Amino acid sequence: MEIYHNDTYQEPLQDETSLIIVSGEHIAKMYKFEDGRLTPEPVVHVEHTVYTDAEGYRGRDNSISALGTSSDNEKKDTGERHDFSVQFKTKVEELSRDNKFDWFYLFAPQEVMPQIRGLLPADWQKKLRFTYSGNFTKAMPAELQEIIKTNFAALKPESWTAREEEAKSILNNTNSLQGSA
């Protein structure tokens with residue numbers, strides 16, 4: 001898990017327009033957060049074909065002795081990853097064209113996290129606020145929100161807490177001085 005802070009601390013998923021991206025190898029779900037509500041975007045999904053050792057491969061004479069090699073499976077897998085990448089990038093371009101996001105939150109398994117991050121536009125990568133490793137493609141949106149908020153609260157720098165308390169104290173003193181004047 002990585003959390004990125006800027007110069008001013010802001011609680012996550014409050015007063016912002018953001019996109020929560022939840023991805024696996026062959027599926028990605030995206031949720032737009034705006035005005036306190038999560039709205040699901042259309043899912044990016046590429047069917048993953050699973051073959052047994054011999055399934056789907058026959059030689060010219062249709063005999064089992066002329067089966068394809070495991071590299072054939074790897075080629076199919078590479079093709080599926082490519083198809084997913086193309087669909088993902090298309091969806092990202094569409095969202096980028098139609099929306100202006102303040103922040104991005106990314107959930108993906110550790111083994112595909114670099115690939116998914118690499119598919120994000122450079123300006124989105126600069127606004128990536130949170131990454132969390134794991135398979136969350138079946139998680140409910142409220143569960144994702146809770147993970148984000150819980151992890152931000154746990155990692156909230158103490159210096160921000162001290163600054164907030166100092167700001168509240170100053171505001172209280174200012175208000176009490178204005179009331180007595």
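Summary of computed values
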item	result
Neighbour-limited loop hits for GluC sites (Glu not before Pro), segment 8-44 (at most 13 other Cβ within 10 Å; DSSP other than H, G, I, E, B)	none
Length gained when the stretch residue 82-residue 122 is fully extended (0.36 nm per residue, less Cα-Cα span)	12.4 nm
Label-reachable residues, segment 14-43, where backbone N falls under 17 Å from a point 7 Å from residue 111's Cα toward its Cβ	23-28
Net charge over other residues, Cβ less than 12 angstrom from the Cβ of residue 87 (K, R count +1; D, E count -1)	-2
Environment charge of residue 98, counting only residues whose C-beta is closer than 13 Å and scoring Lys/Arg +1, Asp/Glu -1	0
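Every read-out reported here was derived from the displayed coordinates using simple, explicitly stated rules and does not represent laboratory data. All values reported here derive from a predicted model rather than from experimental measurement. Here Cβ is always computed from backbone atoms with ideal geometry, including for glycine, and neighbour counts include all displayed protein chains.
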